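Notes for the one structure printed next.
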Amino acid sequence: QVQLVESGGGTVQAGGSLRLSCAASGRISSINPMGWYRQAPGNQRELVATIISGGTTNYADSVKGRFTISRDNAKNTVYLQMNALKPEDTAVYYCNVFRYPKNYWGQGTQVTVSS
């Protein structure tokens, strides 16, 4: 079994920064892709950023240049550094890891950006 525990959410003013962390436990290694998704009220869950083996990253167009995903393989932890936050970034942020054949999700952490 895999468990993901997120932390680092909160409320920040527009233009501010937050750093999310997600610690994975269980049978996870550096080869397992990890990522962050978000879901705003009334919207579908959407991809924010992913990172795969070797450190290759992918970002949603809406966060490119503002958010940075990284991982510490020794700690099985993935991070999301969010800078220049906008009110439209307000959502519940979910950590994700894929270990074949299943996707695993964290419980979510609320990020609120006030204007």
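The values are calculated or read from the model by the stated rules, or taken from the named source; none is laboratory data. Keep in mind that what you see is a predicted model, and the values were worked out from it rather than measured. Neighbour counts run over all protein chains shown; Cβ positions are idealised from the backbone, glycine included. Just the protein is used for accessible areas: all its heavy atoms, side chains included, with ligands, DNA and RNA removed. Shrake-Rupley method; radii C 1.70, N 1.55, O 1.52, S 1.80 Å.
Listed by chain and number, the lysines whose C-alpha is less than 29 Å from the C-alpha of residue 75, apart from same-chain residues fewer than 8 away, are 64, 102. Taken along the Cα-to-beta-carbon direction at a fixed 7 Å, the label points for residue 13 and residue 99 span 4.3 nm. Model label points for residue 40 and residue 27, set 7 angstrom from Cα along the Cα-to-Cβ axis, are 3.9 nm apart.
For the chain, the solvent-accessible area with a 1.4 angstrom probe is 53 square angstrom per residue.
Placing a label point 7 Å from the Cα of residue 1 along the Cα-to-Cβ direction, the residues of segment 12-26 whose backbone N falls under 13 Å from that point are 25-26. The H on the amide N of residue 108, modeled in the peptide plane, is under 5 Å from the matching H of 6, 95, each at least 5 residues off or on a different chain. Split the accessible area of segment 1-75 by element, probe 1.4 Å, and carbon with sulfur accounts for 45%. Potential lengthening of the chain between residue 52 and residue 68 amounts to 4.4 nm, from the contour at 0.36 nm per residue minus the alpha-carbon distance.
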